[in-house]
């Protein structure tokens with residue numbers, strides 16, 4: 001179980017901006033959304049996403065971060081799938097059923113949907129969908145501008161979720177997500193740089209079987 005919990009930190013799809021940023025506008029139901037709604041609607045309508053990613057995991061007991069690379073797949077219906085290629089092939093799936101880790105031999109380890117970590121994953125999936133109605137009860141949300149585009153910072157209201165996910169920042173340009181971060185503390189965080197996105201193209205049946213459940 002410790003191994004699975006260690007894999008929760010890199011999920012997703014995050015709050016150090018890669019450029020200057022202000023404190024941001026506080027978003028709330030019926031307030032603060034003016035000027036941000038077109039972007040939020042375009043992100044929510046992207047559908048499936050396929051993109052390469054590079055992940056860096058920072059720990060207080062290591063001088064240098066741990067680097068991983070892989071392919072990110074997202075389906076509004078099937079959830080989030082991270083296919084790690086280097087240094088150790090594996091697939092991490094986060095969906096409404098919980099969390100599933102498949103190793104290179106195809107063996108699976110599952111975290112059930114009623115667990116604390118899986119509840120945090122449900123919050124993360126709402127962020128991937130940019131579903132504000134589902135997000136407002138769970139997060140304090142700030143939207144801000146960066147030198148290259150935009151960003152959203154999600155601070156969990158539930159202390160249990162905060163312990164599992166930390167503060168989450170999503171940054172991008174245009175309608176593409178470019179950078180994600182889970183910040184547990186000043187010395188422990190996970191950053192994911194997302195490459196060029198292919199969005200809106202359905203995954204083939206074989207791809208769905210291999211990378212989702």
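The values are calculated or read from the model by the stated rules, or taken from the named source; none is laboratory data. A quick note: this is a predicted structure, and the numbers were derived from the prediction, not measured. Neighbour counts are summed over all protein chains in view; Cβ atoms, including those assigned to glycine, are modelled from backbone coordinates with ideal geometry.
Structure above, values below:
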| read-out | value |
| --- | --- |
| Test result for residue 133, modelled with pLDDT under 85 and assigned to a helix (DSSP H, G or I) | no |
| Pick from the range 85-99, criterion at pLDDT 90 or above and surrounded by fewer than 20 Cβ atoms within 10 Å (Cβ to Cβ), ranking: nearest to residue 161 (Cα to Cα) | 90 |
| Single residue of 76, 29 found to be surrounded by fewer than 12 Cβ atoms within 10 Å (Cβ to Cβ) and in contact with a helix residue (DSSP H, G or I) (Cβ under 9 Å, 6 or more places away or on another chain) | 29 |
| Residue check, residue 171 within 18 Å of residue 186 (Cβ to Cβ) and either touching a strand residue (DSSP E or B) at 6+ places or on another chain (Cβ under 6 Å) or surrounded by fewer than 20 Cβ atoms within 10 Å (Cβ to Cβ) (or both) | no |
| Pairs, first closer than 10 Å to residue 149 by Cβ in the range 166-183, second part of a strand (DSSP E or B) and modelled with pLDDT under 90, C-beta under 9 Å, six or more apart | none |
| The range 41-68 residues that are on the phi > 0 side of the Ramachandran plot, paired with ones that are surrounded by fewer than 18 Cβ atoms within 10 Å (Cβ to Cβ) and outside any loop (DSSP other than H, G, I, E, B) (beta carbon under 9 Å, 6 or more apart) | 47/199 |
| Every residue from the range 171-197 that is within 15 Å of residue 56 (Cα to Cα) and touching a helix residue (DSSP H, G or I) at 6+ places or on another chain (Cβ under 7 Å) | 182 |
| Meets criteria (loosely packed, with under 11 Cβ neighbours inside 10 Å and modelled with pLDDT of 90 or more) for residue 22 | no |
| Lone unmet requirement of (1) under 18 Å from the mean Cα position of the chain (by Cα); (2) at pLDDT 90 or above; (3) not in a strand (DSSP E or B) for residue 207 | (1) |
| Neighbours by Cβ (under 8 Å, 6+ apart or cross-chain): first from the range 198-213, at positive phi; second surrounded by 15 or more Cβ atoms within 10 Å (Cβ to Cβ) | 200/46; 200/48 |
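Results for (1) touching a strand residue (DSSP E or B) at 6+ places or on another chain (Cβ under 9 Å); (2) in a strand (DSSP E or B); (3) modelled with pLDDT of 65 or more; (4) more than 22 Å from residue 194 (Cβ to Cβ), shown as yes or no for each residue.
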site: 11; (1), (2), (3), (4): yes, no, no, no
site: 46; (1), (2), (3), (4): yes, no, yes, no
site: 52; (1), (2), (3), (4): yes, yes, yes, no
site: 55; (1), (2), (3), (4): yes, yes, yes, no
site: 63; (1), (2), (3), (4): no, no, yes, yes
